[in-house]
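What follows is a set of notes on a single structure, which appears directly below.
The values are calculated or read from the model by the stated rules, or taken from the named source; none is laboratory data. None of the values given here were measured: they were computed from a predicted structure. Here the Cβ is made from the backbone with ideal geometry for all residues, glycine too, and neighbour counts use every protein chain on show. Surface accessibility is based on the protein's heavy atoms, side chains included, excluding ligands, DNA and RNA. Shrake-Rupley method; radii C 1.70, N 1.55, O 1.52, S 1.80 Å.
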Amino acid sequence: LYAGSIKKIYGIERLVKAFIQADIPDSELHIYGSGDYQDQLLDVSKKYPNIKYFGNKVNEYVVQEEIKASLLINPRPTNEEYTKYSFPSKNIEYMSTGTALLTTNLPGMPKEYHEYVYLIEDESIAGLTNTLRDILSMPVEELHLKGQNAKRFIIENKNNVVQAKKILEMLKDL
């Protein structure tokens, strides 16, 4: 599942092409959001019935779908200028659902997150195709455990209380 801006700059077109090439039996790619790729996505979803485009939905609905999914994907390219300083809240939202996350290794993502997510090492369509095949061939229990560990990490280490304490400590040292 992917939820967010359906913009080419965010890697959604590459994700769709890789998913088609991966041709993984009994799998579907669910996509939520809007953007400059949505018209093409509608056409693609008509041709490939295992690609489901749902448009915009309220956040509560999308989060429930994220919880039900096997894998959440953030294909944001790392070579764009804006990603040097980017750590999308989308990754935190995804991790807090308890569903496994596959994401690119954004320069702004602290290394402490790496053990809780699956990383896309090769961002080409072929690389993403292979990564999708590898991840989606894992036992469901393994994906579930990865997602649950990520959720626990977020709840215990990245909640508002913990983050506020860090800010207060930082301010004390000024």
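Taking segment 32-100 as the region of interest, what is the percent of Cα-Cα pairs per 5 angstrom bin, listed from the shortest bin to the one with the maximum distance?
In whole percents, the pair-distance histogram is 3, 14, 19, 23, 21, 16, 4, 0.
Among all stretches of the chain without exposed GluC sites (Glu not before Pro) (DSSP loop, at most 13 other Cβ atoms within 10 Å), which one is longest? Intermediate results must be reported in sequence, preceding the final value.
On the way: sites that count: GLU80, GLU121.
Answer from the scan: 1-79.
Run the helix sum for the chain: -39,500 (n - 2.57) per DSSP H stretch of 4+ residues, divided by residue count, reported at 222 nm to the nearest 500 deg cm²/dmol.
-14500 deg cm²/dmol
Give me the Debye-computed log₁₀ of I(q)/I(0) at q = 0.26 Å⁻¹ for segment 1-66, equal point scatterers on Cα only, no solvent, two decimals.
With no solvent term, the Cα-only Debye profile gives -1.22.
Compute the semi-axes of the equivalent ellipsoid of segment 100-174, taking the square root of 5 times each eigenvalue of the Cα gyration tensor, and list them largest first in whole Å.
Each semi-axis is √(5λ); the values are 31, 16, 6 Å.
At a threshold of 8 angstrom on Cα-Cα distance, excluding pairs fewer than six apart, so keeping six or more, what relative contact order does the chain reach in percent? Please list the in-between numbers first.
Values: 250 pairs, mean separation 38.2, N = 174.
Dividing the mean separation by the residue count of the chain yields 22 percent.
With springs only between Cα atoms under 10 Å apart, run a GNM on the chain and tell me which of ASN56, ASN79, ASN149 wobbles the most.
It is ASN79.
FRET efficiency for LYS8 and LYS172, Cβ-Cβ distance as r, R0 = 35 Å, nearest 0.05?
Values: r = 45 Å, r/R0 = 1.28.
E(calc), rounded to 0.05, equals 0.20.
Taking Rh as the Kirkwood radius computed over C-alpha pairs, what is the Stokes-Einstein D of the chain at 4 °C in a medium of viscosity 1.567 mPa s, expressed in µm² per second?
Calculated translational D: 77 µm²/s.
What number of lysine-lysine pairs in segment 23-174 show an alpha-carbon separation below 22 angstrom, given a sequence spacing of 8 or more or placement on distinct chains?
So the count of such lysine pairs works out to 25.
Using DSSP to call loops (not H, G, I, E or B), can you name the trypsin sites (Lys or Arg not before Pro) in segment 1-68 whose Cβ has at most 11 other Cβ atoms within 10 angstrom?
Values: sites: LYS7, LYS8, ARG14, LYS17, LYS46, LYS47, LYS52, LYS57, LYS68; in loops: LYS7, LYS57.
Qualifying residues, ordered by number: none.
How big is the convex hull of the Cα atoms of segment 85-124, per residue, in Å³?
Spelled out: Cα convex hull of segment 85-124, divided by residues, is 73 Å³.
Dipole of segment 112-167, Cα-centred, from +1 at each Lys and Arg C-beta and -1 at each Asp and Glu C-beta, to the nearest 20 debye?
Taking the Cα centre of segment 112-167 as origin, the dipole is about 440 debye.
Stokes-Einstein diffusion coefficient for segment 129-168 at 4 °C in a medium of 1.567 mPa s, Rh from the Kirkwood formula over Cα pairs: what value in µm²/s? Provide the component values of the computation, followed by the final result.
Numbers: Rh = 12.1 Å.
For these conditions, the coefficient is 107 µm²/s.
Measuring with a 1.4 Å probe in the full set of protein chains, what accessible area per residue, in whole Å², belongs to segment 64-134?
Here the residues of segment 64-134 average 44 Å² of exposed surface.
Starting from the 7 Å offset along Cα-to-Cβ, what nm value, one decimal, do you get for the label separation of VAL140 and ASN59?
3.0 nm
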